[in-house]
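A.B. asks: I have a structure I would like to understand better, so I am pasting it below and will then ask my questions one at a time.
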Amino acid sequence: MAIARSTRTADDDRVRVTTLAFEDGDETGDHRHEYDYLVVPVTGGTFTVIERDGSTRELVQEAGAPYLGKAGTEHNVINASGRAATFVEIELK
């Protein structure tokens, strides 16, 4: 699978802001969140999340409906929307 395109738009001593743009089937790759974070879905979409232990879950994002994540989370996120999808991740340092 292809890796989602990520564009960092801010990174200072308080926050890091990254836009992730996925084609259908693109993934983030395995990663660990260093900080607590906020995700703001731009398009909304359906994602398959593969946790570090190998378990999977479906994540449905709604455009404009933000949600929180915790530091230490380890996973891979795959776009299963059947179309392109974009979200903004704001890490709180």
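A.B. asks: Per residue, how much accessible area does the chain have with a 1.4 Å probe, in Å²?
C.D. replies: 58 Å²
A.B. asks: By average Cβ neighbour count within 10 Å, what is the ranking of 36-45, 63-72 from highest down?
C.D. replies: Output ranking for 36-45, 63-72: 36-45, 63-72.
A.B. asks: Let me know the whole percent of all Cα-Cα pairs from the chain that are separated by more than 20 Å.
C.D. replies: 29 percent
A.B. asks: Evaluate the charge dipole of the chain about its Cα centre and quote only its size in Debye, nearest 20, assuming +1 on the Cβ of each Lys and Arg and -1 on the Cβ of each Asp and Glu.
C.D. replies: The dipole of the chain has a size of about 140 debye.
A.B. asks: Please figure out what share of the DSSP beta bridges in the chain is antiparallel and state it in percent, rounded to the nearest 5.
C.D. replies: For the chain, the DSSP antiparallel bridge percentage is about 95.
A.B. asks: Turning to a different aspect of this structure: Explain nothing, just the number: relative contact order of the stretch 13-89, from Cα pairs under 8 Å at least 6 residues apart, as a whole percent.
C.D. replies: The normalised contact order for the stretch 13-89 reaches 49 percent.
A.B. asks: Suppose a student asked you for the relative contact order of the stretch 1-49, using Cα pairs under 8 Å spaced at least 6 residues apart; what percent would you report?
C.D. replies: In percent, rounded to a whole number, it is 33.
A.B. asks: In whole Hz, with x marking every Gly and Pro, tabulate ³J(HN,Hα) for the stretch 83-93 from phi via Karplus 6.51 cos²θ - 1.76 cosθ + 1.60, θ = phi - 60°.
C.D. replies: The phi angles translate into 7, 5, 8, 9, 9, 10, 10, 10, 8, 9, 7 Hz.
A.B. asks: Still on this structure, please answer the following. So what are the ³J(HN,Hα) numbers for the stretch 5-20, from phi and the Karplus equation (6.51, -1.76, 1.60; θ = phi - 60°), rounded to whole Hz, Gly and Pro as x?
C.D. replies: 7, 10, 10, 7, 10, 7, 7, 10, 6, 10, 9, 10, 10, 10, 9, 10
A.B. asks: Ignoring ligands, DNA and RNA, what percent of the 1.4 Å accessible area of the stretch 19-93 is carbon and sulfur?
C.D. replies: The computed percentage sits at 49.
The values are calculated or read from the model by the stated rules, or taken from the named source; none is laboratory data. Everything quoted here is computed from the prediction, not taken from an experiment. Note: ideal-geometry Cβ built from the backbone for every residue, glycine included; neighbour counts use all protein chains shown. Heads up: the accessible areas ignore ligands, DNA and RNA and are worked out on the full protein's heavy atoms, side chains in. Shrake-Rupley method; radii C 1.70, N 1.55, O 1.52, S 1.80 Å.
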